[in-house]
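What follows is one structure encoded as structure tokens, with my remarks underneath.
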Amino acid sequence: LTEMIDEDFGQALFLNLPVTFVILILAFGALLAAFVPLILAFTAVFVAVAILTIISQVFALDPAYEQIVLLMGLATGIDYALFVITRYRNERRAGRSKDDALRVASGTSGKAVVFAGATTVFAVGAMFLVGDKIFSSLGLAAIVVVLVAVVISMTLLPALIAFLGDNIDRFSVPFLGRPQEEGTGIWNFIIDRVLQRPVIFATFTIVGLLAITAPILTMNLGFNGVRSFHDDVAGKKALIKLEENFTLGLVQPAVIVVDAGEKGNVFDPEIQDSVAELIRLVGLETVSPTNPDAFFGQIAQEPEFNDAGDTEAGFIPINADSGDDHAIDAVNHLRDDLIPQAFVDSSARVLVTGATAANIDFRANIIFRSPFVFIWVLVLAFIILLLVFRSVVIAGSAILLNMLSVGFAYGLLVLVFQEGFLLEGVLDFEATGIIESWLPLFLFSIIFGLSIDYEMFVMSRIKEHHEQGLSTDEAISRGLKGTAGVITNAAAIMVGVATIFAFMRNIGLQQFGFGLAAAVLIDATVIRAFVLPTTMKLLGEWNWYLPSWLEWLPEIKMGE
């Protein structure tokens, strides 16, 4: 199964890179300029992998961190370079010298990159709060590669631009990358119309997004188990064959761990009597021709004992896949009913582990930790946005807009992967009625971290225009129009990278890739073109509101 995931990831990446390169060519209109973001992104990936390899010699990391390094490295590395290079080229076209253009690009887009990267780091850092090795490994990997991408964007990228100068536009492609006339282009047309009727567009857009978010209320978190893999996976075929003819729990039994406790000897007659009683109770609920839906299979494996003789491990087959509700009910029945009944008079401590028990405990931990993760991300993102823009309104509205993106992605996940709406054939999966329990929390951290990049870039341009003396309405219009193209290109690249996961042969990874792609796409199009401008237009000068008791906050200029 691990080989399958690596194979799928490699094939998808191989197909995605040419698409990314084409998008960069369309964005810049020059082959050399298109190569630079790829060089920066892969440099970030290689440096991050080297750092994490050293860290892994001291702290064990889950192997999945490699995919996250590639995902986050390509996404942030390319986007950050795209932002800075685009601003540099725009300044050169405006008549600035090479040095001045680079200084302005670094002082504006470069500054936005630093704050966007910091917010992303804090967002993905929330994974450490889950207290799980896999989440911690992925969080550390994301933090390292994003930090490396930021450092490279502020050091190697300016050096490359200074070295290349106007040669960055060499090998230009005819008819591509030409600057548009002021007030022309599809995004200019859309933004002008939206700003003319803010109430109508805001109402219909927000209502539509909330309608798609609504299915989140029926989200069914669980574990797909063997069903999460594509039908052509040999391991899945073998397990299904086992399930059809025997009980799948033979290879995933519940493990009963008996600790002798005060007795000090698990062979004590009192403890062994309790063990025998548990076996008897389990036998009453064992699968048979007359009871095919019983919780347990026939006990065939002998118990094991440690050398000290104070611990015993027994193995009870579960009559279901480890992710099934039936298996979960069986383990809960063991924990809540059978074990307390069998060991009612015993001083021994009895625990239940195994694949199903681990799934149950993992889900319970996720549910318990989720509020802490959400609060961490939202509060820290608000603080960073408040420091950058010195406005509680902008900071608060940015959080709400990102929550709309997250909610939209969650709602679509339920519709597509839980209910099987529309895309089963396209993505080649079969809806199981389950959203993987790890997904919402993990996806929230990643989406919030990446979406804030666009928020930071757009809002920094709007603030820059406002600092130059433009009215709020004019700053909104010019800021959105000036960033629409680069945001669209950056989002297209991000969606392409996320799509790598959406077409893999594991439904959990498909859910992740699809959810991330959906969130980024809606954030960079509908929210940036309709919700952001209309809400800012309606708020007017309130956008810049800062309570008097926060006037001590430092003022960070986003202009040159």
Going by the structure shown, is F122 surrounded by fewer than 20 Cβ atoms within 10 Å (Cβ to Cβ) and part of a helix (DSSP H, G or I)? no
Conditions: (1) out of contact with any Leu (no Cβ under 8 Å at 6 or more places or on another chain); (2) assigned to a helix (DSSP H, G or I); (3) surrounded by 17 or more Cβ atoms within 10 Å (Cβ to Cβ). R96 meets all but one. Number of the miss? (2)
So, in region 368-407, exactly how many residues are of a type in the set (V, I, T) and within 17 Å of the chain's Cα centre (by Cα)? 5
Is it fair to say G425 is in a helix (DSSP H, G or I), modelled with pLDDT of 95 or more and surrounded by fewer than 24 Cβ atoms within 10 Å (Cβ to Cβ)? no
Taking the stated definitions as given, is K241 in a helix (DSSP H, G or I), modelled with pLDDT under 80, surrounded by fewer than 18 Cβ atoms within 10 Å (Cβ to Cβ) and among the basic types (K, R)? yes
Give the number of residues within region 473-514 that are surrounded by fewer than 21 Cβ atoms within 10 Å (Cβ to Cβ) and part of a loop (DSSP other than H, G, I, E, B). 2
One residue is enough: does region 279-290 have a residue meeting the conditions within 20 Å of V350 (Cα to Cα), within 36 Å of the chain's Cα centre (by Cα), at pLDDT 80 or above and not acidic (D, E)? no
Quick one: what pairs do we get from region 186-204, first residue buried (at least 17 other Cβ atoms within 10 Å of the Cβ), second β-branched (V, I, T), C-beta under 7 Å, 6+ apart or different chains? V194/T534; P198/T534; F201/V194; F201/T534; A202/V531; A202/T534; A202/T535
Considering every residue within region 256-264, establish whether at least one is assigned to a loop (DSSP other than H, G, I, E, B), modelled with pLDDT of 85 or more and over 22 Å from A327 (Cα atoms). yes
Looking only at region 30-37, decide whether some residue is surrounded by fewer than 20 Cβ atoms within 10 Å (Cβ to Cβ), without any contact (Cβ under 8 Å) to a residue 24 or more places away in the chain and out of contact with any helix residue (DSSP H, G or I) (no Cβ under 6 Å at 6 or more places or on another chain). yes
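The values are calculated or read from the model by the stated rules, or taken from the named source; none is laboratory data. Predicted model only: the values in this text are computed from it and were never measured. Cβ sites come from the backbone with ideal geometry, for glycine too, and all protein chains shown count toward neighbours.
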